[in-house]
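Structure, as structure tokens:
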Amino acid sequence: MINALQQKGFITNYELKFRRKDGVAAWVMVNARLTRDNEGEQIIEGIVIDHTARKKAEEKLRKSREIFRYQAIHDNLTGLYNTRYLYHALEELINSSLEKEIPFSLIFMDVDDFKKVVDFYGHLKGSQTLQEFAGTIRETLEEPAYGVAYGGDEFVVVLPGFDKKQAVQKAEELRARIRSTSYLTNHGHNVNISASFGIASYPEDAQDANGLLALADQAMFDVKDEGKNAVRASQAL
């Protein structure tokens, strides 16, 4: 503040943060100018306004907006992205991949026999299983790949830059990790589950989000029909 005063001779609406004697942060707004007193000595003349309440209100509003933005694109139960984010992100990914001629792939996955988990352990433990399942997805993926809670016990994994062969490898990695993980151990149980996986790739299989999701979903259901706990890639027509 002093440097600004010395350079310009005045400051207007200068915001200053400091800590009070009790350690609490405070903000003031300063309007000041350099002048001289009756004896010719240089002095600072101005007004200091306490803006602490306003700054705290602004910070509270900023945090509320951040929470709202997070909740708008994330699933409340698992913390993964939601379908609202998925469709928006896929449109952007398609445009980017078209321009740069870079493939990407989707993995559609469904927890096998999840109803049995719910029937045996109850809905609360079922929800906790899905939360831990989502954790397995997060732990297995590296950016820019990400997981999406598609609905119920269905999930989607988006793999930017992955061709179909690479996507199959990642799906197999996920399948093996899920199969080897014991869920609900923190709640006194030892639940082992599996999942079925379907894969579709851009631009090989489809050129739009709905087409890709439908093909990956169908490939996943084909796995379900043939015994579950496996990976199948959609075959381009």
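The values are calculated or read from the model by the stated rules, or taken from the named source; none is laboratory data. Small disclaimer: the values here were computed from a predicted structure and weren't measured. Here Cβ is always computed from backbone atoms with ideal geometry, including for glycine, and neighbour counts include all displayed protein chains.
Cβ-Cβ distances below 8 Å connect the following pairs, each with a first residue in the stretch 112-134 that is more than 23 Å from GLY147 (Cα to Cα), a second residue that is part of a helix (DSSP H, G or I), and a separation of six or more residues or different chains: TYR121/THR129.
Annotation: GLU58 fulfils all but one of (1) within 24 Å of ALA216 (Cβ to Cβ); (2) of a type in the set (D, E, K, R); (3) not assigned by TED's automatic domain parsing to the domain that holds TYR150; the unmet one is (1). Taking first residues from the stretch 1-21 that are in the same structural domain as ARG36 (by TED's automatic domain parsing) and partners that are part of a helix (DSSP H, G or I) and surrounded by 11 or more Cβ atoms within 10 Å (Cβ to Cβ), the Cβ contacts under 9 Å between residues at least 6 apart in sequence or on separate chains come to PHE10/ALA4; ILE11/ALA4; ILE11/LEU5; TYR14/ALA4; TYR14/LEU5; GLU15/LYS55; LYS17/LYS55. For the stretch 44-97, filtered to residues that are surrounded by 13 or more Cβ atoms within 10 Å (Cβ to Cβ) and more than 17 Å from the chain's Cα centre (by Cα), the residue that is nearest to ARG19 (Cα to Cα) is THR52.
Taking the options SER182, SER196, name whichever one is under 16 Å from SER234 (Cβ atoms), in the same structural domain as GLU142 (by TED's automatic domain parsing) and of a type in the set (S, T, N, Q). SER196 is the lone residue from the list that is under 16 Å from SER234 (Cβ atoms), in the same structural domain as GLU142 (by TED's automatic domain parsing) and of a type in the set (S, T, N, Q). Confirm whether GLY211 is surrounded by fewer than 16 Cβ atoms within 10 Å (Cβ to Cβ) and under 30 Å from GLU101 (Cβ atoms). Spelling it out, GLY211 is indeed surrounded by fewer than 16 Cβ atoms within 10 Å (Cβ to Cβ) and under 30 Å from GLU101 (Cβ atoms). Across the stretch 195-208, the number of residues qualifying as farther than 16 Å from GLN169 by Cα and surrounded by 14 or more Cβ atoms within 10 Å (Cβ to Cβ) comes to 5. Could you tell me whether the stretch 207-226 includes any residue that is touching a Ser or Thr at 6+ places or on another chain (Cβ under 6 Å) and assigned to a loop (DSSP other than H, G, I, E, B)? Scanning the stretch 207-226, I find no residue that is touching a Ser or Thr at 6+ places or on another chain (Cβ under 6 Å) and assigned to a loop (DSSP other than H, G, I, E, B), so the answer is no. Just one of (1) surrounded by fewer than 16 Cβ atoms within 10 Å (Cβ to Cβ); (2) assigned to a helix (DSSP H, G or I) fails for LEU5. It is (1). Could you say whether any residue in the stretch 138-151 is in contact with a helix residue (DSSP H, G or I) (Cβ under 6 Å, 6 or more places away or on another chain), under 27 Å from ARG84 (Cβ atoms), buried (at least 16 other Cβ atoms within 10 Å of the Cβ) and aliphatic (A, V, I, L, M)? Yes, the stretch 138-151 contains a residue that is in contact with a helix residue (DSSP H, G or I) (Cβ under 6 Å, 6 or more places away or on another chain), under 27 Å from ARG84 (Cβ atoms), buried (at least 16 other Cβ atoms within 10 Å of the Cβ) and aliphatic (A, V, I, L, M).
Every residue, every condition in (1) on the phi > 0 side of the Ramachandran plot; (2) out of contact with any strand residue (DSSP E or B) (no Cβ under 8 Å at 6 or more places or on another chain); (3) hydroxyl-bearing (Ser, Thr, Tyr), yes or no:
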{"site": "ASN13", "(1), (2), (3)": "yes, no, no"}
{"site": "ILE43", "(1), (2), (3)": "no, no, no"}
{"site": "LYS56", "(1), (2), (3)": "no, yes, no"}
{"site": "LYS60", "(1), (2), (3)": "no, yes, no"}
{"site": "ARG69", "(1), (2), (3)": "no, yes, no"}
{"site": "ILE73", "(1), (2), (3)": "no, no, no"}
{"site": "THR78", "(1), (2), (3)": "no, no, yes"}
{"site": "ASN82", "(1), (2), (3)": "no, no, no"}
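In the set ILE107, ILE44, ILE102, which member is in contact with a Lys or Arg (Cβ under 9 Å, 6 or more places away or on another chain) and closer than 30 Å to GLY151 by Cβ?
Values: ILE44 fails: closer than 30 Å to GLY151 by Cβ; ILE102 fails: in contact with a Lys or Arg (Cβ under 9 Å, 6 or more places away or on another chain).
Only one candidate passes the filter, namely ILE107.
Considering only the stretch 28-43, state which residues are exposed (fewer than 10 other Cβ atoms within 10 Å of the Cβ) and assigned to a strand (DSSP E or B).
Our first condition is that a residue be exposed (fewer than 10 other Cβ atoms within 10 Å of the Cβ); within the stretch 28-43, this holds for 37-42.
Within the stretch 28-43, just GLN42 meets the criteria.
Among the residues of the stretch 111-121, is any out of contact with any strand residue (DSSP E or B) (no Cβ under 8 Å at 6 or more places or on another chain) and within 14 Å of HIS189 (Cα to Cα)?
From the stretch 111-121, those out of contact with any strand residue (DSSP E or B) (no Cβ under 8 Å at 6 or more places or on another chain) are 113-116, 118-120; that's our starting set.
After this cut, where a residue has to be within 14 Å of HIS189 (Cα to Cα) as well, the list is 118, 120.
Yes, the stretch 111-121 contains a residue that is out of contact with any strand residue (DSSP E or B) (no Cβ under 8 Å at 6 or more places or on another chain) and within 14 Å of HIS189 (Cα to Cα).
The residue list GLU143, GLU139 contains one member that is more than 28 Å from GLU101 (Cα to Cα), modelled with pLDDT of 95 or more and among the acidic types (Asp, Glu), which is GLU139.
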